[in-house]
Amino acid sequence: MALDEVKIGGMGASRLRVEDNRFIRGKGNYVDDIVLPGMLHMEILRSPVAHARIKSIDVSKAWEVPGVRLVLTGEMMAARNLAWMPTLSYDTQAVLATDKVRFQGQEVAAVIADDPYIARDACSKIVVEYEQLPVIVNPTQSMAPGAPLIRDDKEGQQTNKVFDWEIGDKEATDRAFEQADVVSKLELHYPRSHPSPMETEGSIADYDRATGKLTVFMTTQAPHIIRAAVALVAELPEHMIRVVSPDLGGGFGNKVPVYPGYVISILASILTERPVKWISDKSSNLISTHFARDVYLKGEMALRKDGKILGFRMHTTSDHGAFFSDAQPSKFKIGLLHSAFACYDIPNAHMVAEGFYTNKAPGGVAYRCSFRVTEGMFFQERMVQAAADDLGMDQAEFRRVNFVKDDDFPHRTPFGFLTDSGQYGKCLDVGLEAIDYKNFLKEKEEAAKRGKLLGIGISTMTEPLGAGNSREYDILGIKMFDSAELRVHMSGKAILRTGAKTQGQGHETTWAQIVAHELGIPADDIVVEEGDTDTAPFGMGTYASRSTPVAGAAVAMVSRKIRAKARKIAAHLLEVSEEDIEWELGRFYVRSNQERGVSIQECAMAAYSNVPDGMEPGLENTSYYDPPNLTWPFACYIATVEVDPETGVWDVLKFVAVDDCGVRINPMIVEGQIMGGLTEAYAAAAMQFITFDEAGNCIGSNYMDYLLPTAWETPGFELYEVVTPCPHHPIGAKGIGECATVGGPAAFVNAVLDALKGTGVRNIDMPLLPDRVYEAIKTGKDISGAPPVKVD
Amino acid sequence: MSSLYEEVSTAPASDVPVRRVTININGENRTVDVEPRLLLAHLLRQGLKMTGTHTGCDTTNCGACTVLFDGRPIKSCTMLAVQADGHAVQTVEGLATASELHPIQEGFKAEHGLQCGFCTPGMMLAAKALLEENLNPTEDEVRWALSGNLCRCTGYQNIVKAVLWAAEKMRAQAGQE
Ligand code: FES
Ligand code: FES
């Protein structure tokens, strides 16, 4: 009889994670845990200054340190044509500086030695003479006339501009503004932050001269993209490169790009003919690897008195640091930021984006974010609250009036996205009920009489998760599909490999659940492997919440291919024609007699021992899945807070999260993703930012300056779900990993500003540090920009 | 001597001072020659090949390297190996027996208290120190006890639940004895 899907760990089961078995025993296998025979250790010398010409580098003293095997400088890299590398955004980035350093923390030299302590000793013996140049730390300085040219290495580059980009219908939008009763405006800064996974970046390059093969163990979320990049940079043929991404201690977008350290370790291994390990320390990681955000957004909204939004205009000025090395789909310069306002039915919109170079670390990476949507959605929900206030309308009602309605799907946004499903009104209702909206408004009024400041903040949004489809989305021209390969053994146990790469999301657990759902093979009988380019099918990796939408779909599709073949085998075993066969979970049976059937395991055995004439033996297949569209989850986050007017400290009273990510494969894991994401949202709203002083010194190079919330500060979250299956995904799932980080910050910030409503304060830029909130209350004025650097 | 730490001391011995230390690690005495500047975390990871203890920062903030030092949680990235001479160190490798997980390990799995697993060993040891003093902690007490350990994945809520789960099981076990 059909199997009980929950019992076999299929879809919808909160199956406990199989990867935990090694992690709780301390038996994870992270890059730094790997030791290869004869392995050397590499340390990178970084620039202490943000902008300077290199006059000389003297490495002679470093060579004298016993145990040093190699010292590398930009000049030596240049001799091998490796001083620069291409970025994932069609720019170039210095591997080791030759001419200038362009940000504090830039890679200047590297020492390879017998152990990491010696490498570090030797690094400190390298003498670099710098001639300091004027430093640019924000786009305003960058665009000022006469600003020093940061990228004088690039032919034809006359200014510090990275790009100009525009989308939407300007004239139609202008007309909408002419018809508006009210025009609402908002300007804000989404501060620079760092994804900061607990594990830093690192690699072990192992070049074998005898075979010509290069193996690189590394912290990458996208091993196949890295292999392509290494092939390009190192001019090695692809089949001679094996990239292995073992267990990752988190990624959050920070482990997508190619970092100079990887490239240097590869060359070092080629030159020393020994494996070379490079593990970045946290300070280096925070100052030199990809940051996120750092966008100035301004916009206005054309409103009708009854609350209808007629159109909006947006302008973004983004700070890309010294090298444009975001990993963005090549068609879209500011990622998918233009998906902002997608959950609202707005007929007209226009957006202009400008990007600038500065003397800061390169980046703009998608930190738990589908290519810059975080900045867009934050602006959206701050703008929506400001507009509701300007209209004197209830903020929940204003959203409801403008939501795309359940039966208006598919819906085309003014910037061309096609949203395809959702129940926005229902999600909002669930959220309002959970927070007890009406009562809270009363409480708030009463508290105000006693001089207490209570506030409620709502954030509702749909966002595009799961890049591709391949028509529109590519990285460096590589189309954004994904893949899965399933091999069912004779016993009916199986191994599944995908082109994605888990970093804590639990693929080893959930992918097996999809196979269990499709084939009835118990999840415990399926091993999942990812991250080794020699064995995994080609895929684009895991970021932008794309694993479930794309690789997860491929897992379902490959399982269906296996089932199709098994059906033929079943017909052969049951001696009936294929048309007379029915499927129920785990077995095929003869339509006319349900008792007569064969299990999927029996089919697997027969695939190797008794196939029908003319059929190839074996039971394995591969699927490359190119999604027809992005997936569009929806979220409604509501926070209530109390602000202490005497200190500016704000406490979260309650937080409810309603997520509609379609069908949930493993509810426990989905909820884990949401809680993790909400914590990062709280971090952004409350404390987490990286800033720079005038000299370009990074303030935020360690966890004392760059604050991540601990268990003590982090509020509790209440989770709710609504399920609107994705219409085009084979199992109806949508992405979820980042929704909370994207939609969450606005809920906190809106709540604090709601509490401050009577004070005349319209905006406080994140993070809402107590002193900034206090100052806003006392002065009644907005607080803009990154918090000033305090010198004490 | 049960193990000689070779990785770190391969530079010519002449100018590198070496100290011989004996540390009780997970119940077993280990004697090693170390450079005085060697951090305990590095001795564990590289010298003794016990890679369950992680290093997530270089400023004593993240707690990924937490081990129990004579029963107290300490950050092993901020202690020299020579300081541990004559003391007892417990690492994640010492939590489970061959046949049985420690209730804290079980709790982390049962309550989905980990995602990438990088902070997990340190979290579990910090939790163990708490539960050894207080088998009936409140949620706030758990949050406070873990506030020296950062997790970037979970949002802590499930970690707190995991510790409470373990506390309950340990209380039940204590009751039976
Ligand atoms: S490694 Fe971060 S506190 Fe020790
Ligand atoms: S589980 Fe990844 S840092 Fe805690």
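The values are calculated or read from the model by the stated rules, or taken from the named source; none is laboratory data. Treat the numbers as computed from the prediction; the structure is a model and nothing was measured. Methodologically, a virtual Cβ is constructed for each residue, glycine included, from the backbone with ideal geometry; neighbour enumeration extends over all protein chains shown.
Key figures
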read-out	value
Qualifying residue in segment A:195-206 (condition: away from ligand 1 (no atom under 16 Å from the Cβ) and out of contact with any Phe, Trp or Tyr (no Cβ under 7 Å at 6 or more places or on another chain))	yes
Subset of segment B:33-67 [touching a strand residue (DSSP E or B) at 6+ places or on another chain (Cβ under 7 Å), under 11 Å from B:T78 (Cα atoms) and within 16 Å of ligand 2 (Cβ to nearest atom)]	B:G63, B:C65, B:T66
Residue ID - surrounded by the most Cβ atoms within 10 Å (Cβ to Cβ), chosen from residues in segment B:39-54 that are outside any helix (DSSP H, G or I) and within 8 Å of chain A (Cβ to nearest Cβ)	B:H54
Residue under evaluation B:V82, criteria (1) part of a loop (DSSP other than H, G, I, E, B); (2) at negative phi; (3) in the same structural domain as B:L40 (by TED's automatic domain parsing); (4) away from ligand 1 (no atom under 15 Å from the Cβ), criterion not met	(1)
Hits in segment A:416-432 - residues which are polar (S, T, N, Q) and in a loop (DSSP other than H, G, I, E, B)	A:S421, A:Q423
Among the candidates A:Q106, A:Q141, residue that is outside the structural domain of A:L236 (by TED's automatic domain parsing) and at pLDDT 95 or above	A:Q141
Segment B:119-145 - residue that is assigned to a loop (DSSP other than H, G, I, E, B) and in contact (Cβ under 8 Å) with a residue 24 or more places away in the chain and, of those, nearest to ligand 1 (Cβ to nearest atom)	B:C119
Near pairs, Cβ below 8 angstrom, 6+ apart or cross-chain, from segment B:105-118 (more than 13 Å from ligand 2 (Cβ to nearest atom)) to any residue that is small (G, A, S)	B:Q105/B:A96; B:E106/B:A166; B:G107/B:G113; B:G107/B:A162; B:G107/B:A166; B:A110/B:A162
Matching residues, segment A:431-454, being within 30 Å of A:T413 (Cβ to Cβ) and touching a residue at least 12 places away in the same chain (Cβ under 8 Å)	A:G431, A:L432, A:A434, A:I435, A:Y437
Restricting segment B:55-79 to residues that are within 16 Å of ligand 1 (Cβ to nearest atom) and of a type in the set (G, A, S), the residue that is nearest to the other protein chains (Cβ to nearest Cβ)	B:G56
Which listed residue, of A:D429, A:D474, A:D436, is at pLDDT below 95 and of a type in the set (D, E)	A:D474
Meets criteria (within 15 Å of ligand 2 (Cβ to nearest atom), facing chain A (nearest Cβ under 10 Å) and of a type outside the set (D, E)) for B:G94	no
Candidate set: segment A:189-221, residues that are part of a loop (DSSP other than H, G, I, E, B) and hydrophobic (A, V, I, L, M, F, W, C); chosen: the one surrounded by the fewest Cβ atoms within 10 Å (Cβ to Cβ)	A:A210
Verdict on A:E129 being buried (at least 18 other Cβ atoms within 10 Å of the Cβ), in contact (Cβ under 8 Å) with a residue 40 or more places away in the chain and acidic (D, E)	no
Index of the failed condition, A:R102 passing every other in (1) out of contact with any helix residue (DSSP H, G or I) (no Cβ under 9 Å at 6 or more places or on another chain); (2) within 11 Å of another protein chain (Cβ to nearest Cβ)	(2)
Residue among A:A97, A:A13 that is outside the structural domain of A:I126 (by TED's automatic domain parsing) and in contact with a helix residue (DSSP H, G or I) (Cβ under 9 Å, 6 or more places away or on another chain)	A:A13
Qualifying residues in segment B:74-89 (those that are surrounded by fewer than 21 Cβ atoms within 10 Å (Cβ to Cβ) and either touching a residue at least 60 places away in the same chain (Cβ under 8 Å) or within 16 Å of ligand 2 (Cβ to nearest atom) (or both)) - the one nearest to B:H42 (Cα to Cα)	B:V82
Which listed residue is surrounded by fewer than 20 Cβ atoms within 10 Å (Cβ to Cβ) and closer than 25 Å to B:E168 by Cβ, from B:G122, B:G71, B:G117, B:G63	B:G71
Residue in segment B:146-156 that is farthest from the chain's Cα centre (by Cα), counting only those that are away from ligand 1 (no atom under 16 Å from the Cβ) and without any contact (Cβ under 8 Å) to a residue 24 or more places away in the chain	B:G155
Unique residue being at pLDDT 95 or above, within 21 Å of A:F717 (Cα to Cα) and among the acidic types (D, E) when the list is B:E168, B:E111	B:E111
Qualifying residue in segment A:638-658 (condition: closer than 24 Å to A:T509 by Cβ and either assigned to a strand (DSSP E or B) or out of contact with any helix residue (DSSP H, G or I) (no Cβ under 8 Å at 6 or more places or on another chain) (or both))	yes
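Each row is one residue, and each column tells you yes or no for (1) surrounded by 23 or more Cβ atoms within 10 Å (Cβ to Cβ); (2) away from every other protein chain (no Cβ under 14 Å).
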residue: A:E646; (1), (2): no, yes
residue: A:F655; (1), (2): yes, no
residue: A:M668; (1), (2): no, no
residue: A:G676; (1), (2): yes, no
residue: A:A683; (1), (2): yes, no
residue: A:F689; (1), (2): yes, yes
residue: A:N702; (1), (2): no, no
